[in-house]
Amino acid sequence: MIWFGVEQNTDLWFGLRIGKATASNFGKFMANFGKAFGDPAKRYALQLALERVTGRKAEFSFQSDDMERGHVQEPVARMLYEESRFVEVTNGGFFDCGQYGDSPDGLVGKDGVLEIKSVTAGVHWDTLKRGSFDPAYRWQLAGHLDCSGRDWVDFVSYCSDFPDESQLLVYRTTRDDFKEELAQLAERRAEFLALVQTIKNNIDEVAYGTRS
């Protein structure tokens, strides 16, 4: 693993991620664990294979309202987290693990990583009632721990619509909490990366008459 101290959403950051499975997408191939890959995993495998063949970012992504909200409100959530926890959050950069990698929203000290979600009131309310991280992001959180090698990840849910005292929710997960998930992730990811390579080989054969 190599850590690059690059800023997210820059050209250099995008370049480092080309053709690599990233933690924010691990849930696509972790779905239906123990069974055949579903359509989301297959589409993602094709995206990565095309990126490896062409060397450029595939045009599969889009900017949703939720993503735009995150870009705008994430700095506020980070500041509130720092103030409430008396810590400094530093740049998450990119953890390059070869064929896969991860870009956490921030690093905390030597042991922690941060995942911030700026969400709608309904999603925030569900998280508050649950008293734990949003399970939709289980595999992204596991990916943070796996790729970074760090000991814990703080899941932050932020919603400015709530009263000041409950705008920021923080739930910590440790490597010990995720022992089973980390083992499953390693197994399933290897199978997924093999699928990516198979698709790339097929594209190379059709396009260039070669295999790699």
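Only the coordinates and a few stated rules stand behind these numbers; no lab work does. Since we're looking at a predicted model, the values are computed, not measured. Cβ sites come from the backbone with ideal geometry, for glycine too, and all protein chains shown count toward neighbours.
Table for the structure above
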{"read-out": "Label-point gap, in nm, between Val87 and Asp177 - each point 7 angstrom along Cα→Cβ", "value": "1.2 nm"}
{"read-out": "The chain, relative contact order [Cα under 8 Å, separation at least 6], %", "value": "24 percent"}
{"read-out": "Separation in nanometres of the label points that stand 7 Å from Cα toward Cβ, at Gln99 and Arg43", "value": "2.3 nm"}
{"read-out": "Gain upon complete extension [Asp11, Trp125; 0.36 nm per residue less C-alpha separation]", "value": "37.5 nm"}
{"read-out": "5 Å binning of all Cα-Cα separations within the range 154-212, expressed as whole percents from 0 upward", "value": "4, 15, 11, 10, 9, 10, 10, 9, 9, 7, 4, 2, 0"}
{"read-out": "Spatial extent of the range 113-212: Rg and Dmax, with the Cα atoms as the point set, Å", "value": "18.9, 62"}
{"read-out": "Antiparallel bridge percentage (DSSP; both residues within the chain; nearest 5)", "value": "65 percent"}
{"read-out": "Residues of the range 167-200 with amide N under 19 Å of a point placed 7 Å along Cα→Cβ from Ala36", "value": "188-189, 191-200"}
{"read-out": "Sum of side-chain charges, Gly149 neighbourhood, beta-carbon under 14 Å (Lys, Arg +1; Asp, Glu -1)", "value": "-2"}
{"read-out": "Rg over Rh, two decimals, the range 78-164 (C-alpha only, Kirkwood Rh)", "value": "0.98"}
{"read-out": "Qualifying aspartates and glutamates (Cα of each under 19 Å from Cα of Lys20; at least 8 residues distant if same chain)", "value": "Glu7, Asp11, Asp39, Glu51, Glu59, Asp96, Asp102, Asp105, Asp146, Glu187, Glu191, Asp204"}
{"read-out": "Virtual spin-label span in nm between Val76 and Ala186, 7 Å along Cα→Cβ", "value": "4.1 nm"}
{"read-out": "Which listed pairs, of Lys28/Lys117; Lys57/Lys110; Lys179/Lys200; Lys110/Lys179; Lys42/Lys200, have C-alpha distances above 23 Å, in listed order", "value": "Lys57/Lys110; Lys179/Lys200"}
{"read-out": "Inter-centroid distance (Cα atoms) of the range 79-156 relative to the range 1-49, Å", "value": "17 Å"}
{"read-out": "Principal axis box of the chain, alpha-carbon based, largest edge first, Å", "value": "62, 36, 33"}
{"read-out": "The chain - mean residue ellipticity at 222 nm from DSSP helices (-39,500 (n - 2.57) per run, n ≥ 4, rounded to 500)", "value": "-15500 deg cm²/dmol"}
